[in-house]
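Here's the structure we're looking at; comments come further down.
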Amino acid sequence: MKRITGILLAVLGFAGIVWADNPLSLTGAGATFPYPMYSKWFSEYHKKDPNIQINYQSIGSGGGIRQVTEGTVDFGASDGPMTDEQLKAYQDKHGFAVLHFPTVLGGVVPTYNIPGVSGELKFTPEALAGIYLGKITKWNDPAITSPNSGVTLPGDDIVVIHRSDGSGTTYIWTDYLSKVSSEWKDKVGKNTSVNWPVGLGGKGNEGVSGLVKQTPSSVGYVELIYAVQNSMPYGSVKNSSGVFVKADLASVTSAAAGAAKNMPADFRVSITDASGKTAYPISSFTWLLIPSKFPDASKRDAVKAFVKWMLADGQNYTEALSYAKLPKEVVAKELEALNSVQ
Amino acid sequence: MSAASTIVPSAGPVAGSRSFLSRLREGDEIARLITFLFAASVVLITVLLVYQLWVSSVLPRHKFGLAFFVTRVWDPVFDNFGALPFIYGTVVTSFVALFLAVPLGIGASIFLAELAPARVSDTLEFFIDLLAAVPSVIYGVLGIFIVVPLMRRFIAPVLKNTLGFLPFFKGPVYGIGFLTAGVVLAIMVVPYIISVSREVLLSVPRDQREAALALGSTRWESTWKVVVPFARTGILGSIFLALARALGETMAVSMVIGNAPTISASLFSPGDSIASVIANQFTEATGDLYTQSLIELGLVLFLLTFILNGLARILIATTSQRGSGMGNA
């Protein structure tokens, strides 16, 4: 009995030491897409300032918005901007607004598996929308073959593959299709999951890529990072300037730079189908959702200090993890907006 | 320990004649109360669960009403939700699973309980229990990498060539779909059927078999005509345990069903199930109506399980009128 009490006391004492070392702990929750980046940032920042410990739960963008609105976390994170109704709900509940801060950029790429075709395919917006609407059903449809003159495409049926789970990736993909096809906009629309006209669903990037790899003559979409890390073949997409651009970190950042000129003050902007010759058209920001008022001044200072660091030194870590960094113009605007957090 | 415990408390019927206070002191009443609370907690948890699902799905119940059960659309963008494709997928995949797993499971349990030497039976039982404990995501991976390619290359073409005139085996084959999900579910639930049925068959009294043999029946006749009917209630119980597991299975189904809310007679077609769509979409669901519709799907699954369990009870009650005394199943 004495021994057990002794051990218990030792454990408690040890825990006390560990806790005492971290007087300030921040919690965040939300998007899964930037999770590898965020966890790297939070651990690097903890090394820099051992007094601050940031815990992040990657529960999904929807969950991030819900939790920040409920006030159960210090900040949220989302791959899609909050809607006007969601902002209003937040304002009504708390009496002050919640702000969006872009952190990094991601792209979504079309990937495919066509027996006998090894070259890189070029996709027009019309072809992608037609395939996902179920109107283009064969690989040798003129909408697909005309930009791919050097490639012989078979007459097989296209098997369309999409995400089955709600995800920011689907939001970006459907946001793009809504911009380039009015029929898509009216019939399907954009969201983290939609009522797909055709196709099979795979769970997560790994589910989609698994189905594409296994199913002959299929097409799907995955995050750029995922395609790069798994060396999957993916096609280039024609942007609004009429140039076929293959997604990479530079072309994604370039899409954001084009949008930076007329960036709204609240940063809630979609950069799909962005202008600019080098812009990759299926790109998006991902955001931190930070309350504009903190009752606890020490938490407020910690959050502000972290965001400031993330926008400066933090951006140097992005490319090692295959995330595209923010353009300078956006960083400058965000630093300005950070002052309004009280 | 106190001195009171040296008096041995007398058994049930006598205990009733003593005063409440003495029963309290001797611990009978306390034990009764505690075990009663444990038993009541099961009911309480069920009631709380239904209550919570009910109050958290107010919006879609008011907006869609009973149409929720027959609407075929699931559209998070235009806020139109219906449960029919998911109910259909859940029932079809579970039915396919039982269709395959029941003969296999009962056959195997008869062999293990009646025909196999005890050592073989016990060794195999160890492996079967091991199978029952495998996490479902492992079965999902097994499904994706083994069942799906097998289905696309061999099973589906053979079925199309032989039974292709049936509506169940028409249409394009993707490898994933209702049939694949049903097969994976069958693999998952077979261990339950074997394990429970074997225990039930083993607990059939020895004199039943001896009597049958003494009357001149063969080994197989005594097994099939005497032992199995005697254990019928318990075997049915194992099947309904398997059904409950199949209805609620999430991960493995989600990985091989195709996740497209379609209603098609073809078993090759991709579909979706209730548990799978909740797991897929809940984390990223935005907007109250969408989230609450997913919760109402949970309520529908509860209702479905309740109805099927009720039917099971009725089936057991009507079929076990004669002969079956297996209360200990």
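For region B:51-66, name all the residues that are surrounded by 14 or more Cβ atoms within 10 Å (Cβ to Cβ) and more than 24 Å from A:ASP186 (Cα to Cα).
Step one: filter region B:51-66 for residues surrounded by 14 or more Cβ atoms within 10 Å (Cβ to Cβ), giving B:53-54, B:56-57, B:59-61, B:63-64.
B:LEU53, B:TRP54, B:SER56, B:SER57, B:LEU59, B:ARG61, listed by residue number.
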Query raised in the report: Within region A:29-73, restricting attention to residues that are more than 28 Å from A:SER193 (Cβ to Cβ) and of a type in the set (Asp, Glu), which residue is farthest from the chain's Cα centre (by Cα)?
Result: A:ASP49
Query raised in the report: Scanning for something part of a helix (DSSP H, G or I), under 15 Å from the mean Cα position of the chain (by Cα), away from chain A (no Cβ under 14 Å) and not polar (S, T, N, Q), does region B:249-272 turn up at least one residue?
Result: no
Query - One residue from B:LEU301, B:LEU297 being surrounded by 24 or more Cβ atoms within 10 Å (Cβ to Cβ) and outside any loop (DSSP other than H, G, I, E, B) - result: B:LEU297
Query raised in the report: Can you name the residue in region A:158-201 that is touching a Lys or Arg at 6+ places or on another chain (Cβ under 8 Å) and facing chain B (nearest Cβ under 7 Å) and is also nearest to A:ASP141 (Cα to Cα) among such residues?
Result: A:GLY201
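For every residue, the table says whether it meets (1) closer than 30 Å to B:ALA252 by Cα; (2) free of Cβ contacts under 8 Å to residues at least 60 places away in the same chain.
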residue	(1), (2)
A:ASN113	yes, no
A:THR124	no, no
A:LEU128	no, no
A:ASN140	no, yes
A:VAL159	yes, no
A:GLY189	yes, yes
A:VAL198	yes, no
A:LYS213	yes, no
**Report entry** Pairs where the first residue, in region B:187-213, is more than 21 Å from B:LEU124 (Cβ to Cβ) and the second is β-branched (Val, Ile, Thr) and modelled with pLDDT of 90 or more, C-beta under 6 Å, 6+ apart
**Finding:** B:GLN208/B:VAL226; B:ALA212/B:VAL226
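Look through A:GLU329, A:GLU336, A:GLU319 and report the one residue that is under 30 Å from A:GLN53 (Cβ atoms), modelled with pLDDT under 90 and not polar (S, T, N, Q). I'd like the intermediate steps shown before the answer.
Details: A:GLU329 fails: under 30 Å from A:GLN53 (Cβ atoms); A:GLU336 fails: modelled with pLDDT under 90.
Criteria check complete, one pass: A:GLU319.
Listed here are the residues, each with its yes/no results for (1) at pLDDT below 90; (2) touching a Cys at 6+ places or on another chain (Cβ under 6 Å); (3) within 14 Å of another protein chain (Cβ to nearest Cβ); (4) outside any helix (DSSP H, G or I).
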{"site": "A:THR27", "(1), (2), (3), (4)": "no, no, no, yes"}
{"site": "A:THR32", "(1), (2), (3), (4)": "yes, no, yes, yes"}
{"site": "A:LYS40", "(1), (2), (3), (4)": "no, no, no, no"}
{"site": "A:GLU44", "(1), (2), (3), (4)": "no, no, no, no"}
{"site": "A:ILE54", "(1), (2), (3), (4)": "no, no, no, yes"}
{"site": "A:ILE59", "(1), (2), (3), (4)": "yes, no, yes, yes"}
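Sort out which residues of region A:221-231 are surrounded by fewer than 19 Cβ atoms within 10 Å (Cβ to Cβ) and at negative phi, and write them in order of number. Working first, answer last.
Within region A:221-231, the first condition is being surrounded by fewer than 19 Cβ atoms within 10 Å (Cβ to Cβ), and the residues that meet it are A:228-231.
Result: A:VAL228, A:GLN229, A:ASN230.
Only one of B:ALA246, B:ALA317 is more than 10 Å from chain A (Cβ to nearest Cβ), closer than 30 Å to B:VAL158 by Cβ and outside any loop (DSSP other than H, G, I, E, B); which? Write out each step before concluding.
On the way: B:ALA317 fails: closer than 30 Å to B:VAL158 by Cβ.
Of the residues listed, the single one that is more than 10 Å from chain A (Cβ to nearest Cβ), closer than 30 Å to B:VAL158 by Cβ and outside any loop (DSSP other than H, G, I, E, B) is B:ALA246.
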Report summary line: Over region B:154-181, the set of residues surrounded by 18 or more Cβ atoms within 10 Å (Cβ to Cβ) and among the hydroxyl-bearing types (Ser, Thr, Tyr) is B:TYR174, B:THR180
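For region B:215-236, check the following and say yes or no: at least one residue is out of contact with any Pro (no Cβ under 9 Å at 6 or more places or on another chain), within 14 Å of another protein chain (Cβ to nearest Cβ) and assigned to a helix (DSSP H, G or I). Reasoning before the result, please.
Quick first cut of region B:215-236, residues out of contact with any Pro (no Cβ under 9 Å at 6 or more places or on another chain) only: B:215-229, B:231-236.
Filter once more, keeping what is within 14 Å of another protein chain (Cβ to nearest Cβ): none.
Checked region B:215-236: no residue is out of contact with any Pro (no Cβ under 9 Å at 6 or more places or on another chain), within 14 Å of another protein chain (Cβ to nearest Cβ) and assigned to a helix (DSSP H, G or I).
Just to check your reading of the model, which residue among B:VAL184, B:VAL134 is surrounded by fewer than 21 Cβ atoms within 10 Å (Cβ to Cβ) and of a type in the set (A, V, I, L, M)?
Values: B:VAL184 fails: surrounded by fewer than 21 Cβ atoms within 10 Å (Cβ to Cβ).
Selected residue: B:VAL134, the only one of B:VAL184, B:VAL134 that is surrounded by fewer than 21 Cβ atoms within 10 Å (Cβ to Cβ) and of a type in the set (A, V, I, L, M).
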Query raised in the report: Given the structure, is A:GLY201 surrounded by 24 or more Cβ atoms within 10 Å (Cβ to Cβ), assigned by TED's automatic domain parsing to the domain that holds A:THR137, modelled with pLDDT under 90 and of a type in the set (Gly, Ala, Ser)?
Result: no
Query raised in the report: modelled with pLDDT of 90 or more, under 14 Å from the mean Cα position of the chain (by Cα) and in the same structural domain as A:LYS122 (by TED's automatic domain parsing) - does that describe any residue in region A:259-279?
Result: no
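Condition (residue is out of contact with any strand residue (DSSP E or B) (no Cβ under 9 Å at 6 or more places or on another chain) and either at pLDDT below 85 or acidic (Asp, Glu) (or both)) applied to region B:36-55: is it met by at least one residue? So that I can check it myself, show each step before the final result.
Quick first cut of region B:36-55, residues out of contact with any strand residue (DSSP E or B) (no Cβ under 9 Å at 6 or more places or on another chain) only: B:36-55.
After this cut, where a residue has to be either at pLDDT below 85 or acidic (Asp, Glu) (or both) as well, the list is none.
Scanning region B:36-55, I find no residue that is out of contact with any strand residue (DSSP E or B) (no Cβ under 9 Å at 6 or more places or on another chain) and either at pLDDT below 85 or acidic (Asp, Glu) (or both), so the answer is no.
Test A:THR253 against the stated conditions and say whether it is under 20 Å from A:GLU319 (Cα atoms), within 14 Å of chain B (Cβ to nearest Cβ) and under 19 Å from the mean Cα position of the chain (by Cα). Working first, answer last.
On the way: under 20 Å from A:GLU319 (Cα atoms): yes; within 14 Å of chain B (Cβ to nearest Cβ): no; under 19 Å from the mean Cα position of the chain (by Cα): yes.
No.
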Query - Selection from region B:133-164 of residues that are among the small types (Gly, Ala, Ser), more than 21 Å from the chain's Cα centre (by Cα) and in a helix (DSSP H, G or I) - result: B:ALA156
Query - Failed item in (1) in a loop (DSSP other than H, G, I, E, B); (2) touching a residue at least 60 places away in the same chain (Cβ under 8 Å), with A:VAL73 passing the rest - result: (2)
Query - Filter pass, B:MET251 being of a type in the set (A, V, I, L, M, F, W, C), in contact with a Lys or Arg (Cβ under 8 Å, 6 or more places away or on another chain) and within 30 Å of A:ASP79 (Cα to Cα) - result: no
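Test A:GLY116 against the criterion of being part of a loop (DSSP other than H, G, I, E, B) and of a type outside the set (D, E, K, R), and give yes or no. Full working, then the answer.
Details: part of a loop (DSSP other than H, G, I, E, B): yes; of a type outside the set (D, E, K, R): yes.
Yes: the conditions hold for A:GLY116.
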Report task. Please state which of the following conditions A:SER241 fails to meet, knowing it meets all the rest: (1) buried (at least 22 other Cβ atoms within 10 Å of the Cβ); (2) in the same structural domain as A:THR111 (by TED's automatic domain parsing); (3) closer than 18 Å to A:LYS179 by Cβ. Result -> (1)
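Just a yes or no: is a residue in region A:133-153 of a type in the set (A, V, I, L, M, F, W, C) and within 12 Å of chain B (Cβ to nearest Cβ)?
Kept after step one, since they are of a type in the set (A, V, I, L, M, F, W, C), are these residues of region A:133-153: A:133, A:136, A:139, A:143-144, A:151, A:153.
Among the residues that remain, those that are also within 12 Å of chain B (Cβ to nearest Cβ) are: none.
No, region A:133-153 contains no residue that is of a type in the set (A, V, I, L, M, F, W, C) and within 12 Å of chain B (Cβ to nearest Cβ).
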Requested in this report: Considering only region B:165-174, state which residues are under 12 Å from B:LEU267 (Cβ atoms), more than 14 Å from chain A (Cβ to nearest Cβ) and part of a loop (DSSP other than H, G, I, E, B).
Outcome: B:LEU166, B:LYS170
Query - Positions within region A:207-236 being away from chain B (no Cβ under 13 Å), part of a helix (DSSP H, G or I) and among the small types (Gly, Ala, Ser), in sequence order - result: A:ALA227
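The values are calculated or read from the model by the stated rules, or taken from the named source; none is laboratory data. Please read these numbers as outputs of a predicted model, since none were measured by experiment. Methodologically, a virtual Cβ is constructed for each residue, glycine included, from the backbone with ideal geometry; neighbour enumeration extends over all protein chains shown.
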